[in-house]
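*Asks:* One structure coming up, written as structure tokens, with questions to follow.
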Amino acid sequence: MKDHVYKLIELTGTSPMSIEDAVNKAIRRANKTVKNLCWFQVVETRGNIDKGRVQYWQVTIKVGFSVET
């Protein structure tokens, strides 16, 4: 079995629609420049309120990817 080595990066995605959309935006953007994305972990969820309503979501995630050998 091949031993894997992983690296973590931390990203924050934003969306006026949903937490899931904020996560997907962060991952789609990372995928443009980072190879071998494997998994993510939600670290923090927060948002902005305007006039008593959620204006947008901010979701911080850790993204793991395998390091090429």
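The values are calculated or read from the model by the stated rules, or taken from the named source; none is laboratory data. Everything numeric here is computed off the predicted structure, so don't read it as measured data. Here Cβ is always computed from backbone atoms with ideal geometry, including for glycine, and neighbour counts include all displayed protein chains. When the accessible area is computed, the model is the full protein with side chains, heavy atoms only, and any ligands, DNA or RNA have been set aside. Shrake-Rupley method; radii C 1.70, N 1.55, O 1.52, S 1.80 Å.
*Asks:* Among the residues in the range 15-28, are any in a strand (DSSP E or B), in contact (Cβ under 8 Å) with a residue 12 or more places away in the chain and either touching a His at 6+ places or on another chain (Cβ under 9 Å) or of a type outside the set (Asp, Glu) (or both)?
*Replies:* Scanning the range 15-28 turns up at least one residue that is in a strand (DSSP E or B), in contact (Cβ under 8 Å) with a residue 12 or more places away in the chain and either touching a His at 6+ places or on another chain (Cβ under 9 Å) or of a type outside the set (Asp, Glu) (or both).
*Asks:* Go through (1) outside any strand (DSSP E or B); (2) exposed (fewer than 12 other Cβ atoms within 10 Å of the Cβ) for residue 44 and report which single condition fails.
*Replies:* (1)
*Asks:* Anything in the range 10-19 that is surrounded by 14 or more Cβ atoms within 10 Å (Cβ to Cβ) and not hydroxyl-bearing (Ser, Thr, Tyr)? List them, or say none.
*Replies:* Across the range 10-19, the qualifying residues are 11, 13, 19.
*Asks:* When the range 20-37 is examined, which residues are found to be open to solvent by 70 Å² or more (accessible area, probe 1.4 Å), out of contact with any Leu (no Cβ under 9 Å at 6 or more places or on another chain) and modelled with pLDDT of 95 or more?
*Replies:* Scanning the range 20-37 gives 20, 25, 28, 32, 33.
*Asks:* May I pose another question? Of the residues that make up the range 56-69, is at least one out of contact with any helix residue (DSSP H, G or I) (no Cβ under 9 Å at 6 or more places or on another chain), open to solvent by 50 Å² or more (accessible area, probe 1.4 Å), modelled with pLDDT of 95 or more and assigned to a strand (DSSP E or B)?
*Replies:* Yes, the range 56-69 contains a residue that is out of contact with any helix residue (DSSP H, G or I) (no Cβ under 9 Å at 6 or more places or on another chain), open to solvent by 50 Å² or more (accessible area, probe 1.4 Å), modelled with pLDDT of 95 or more and assigned to a strand (DSSP E or B).
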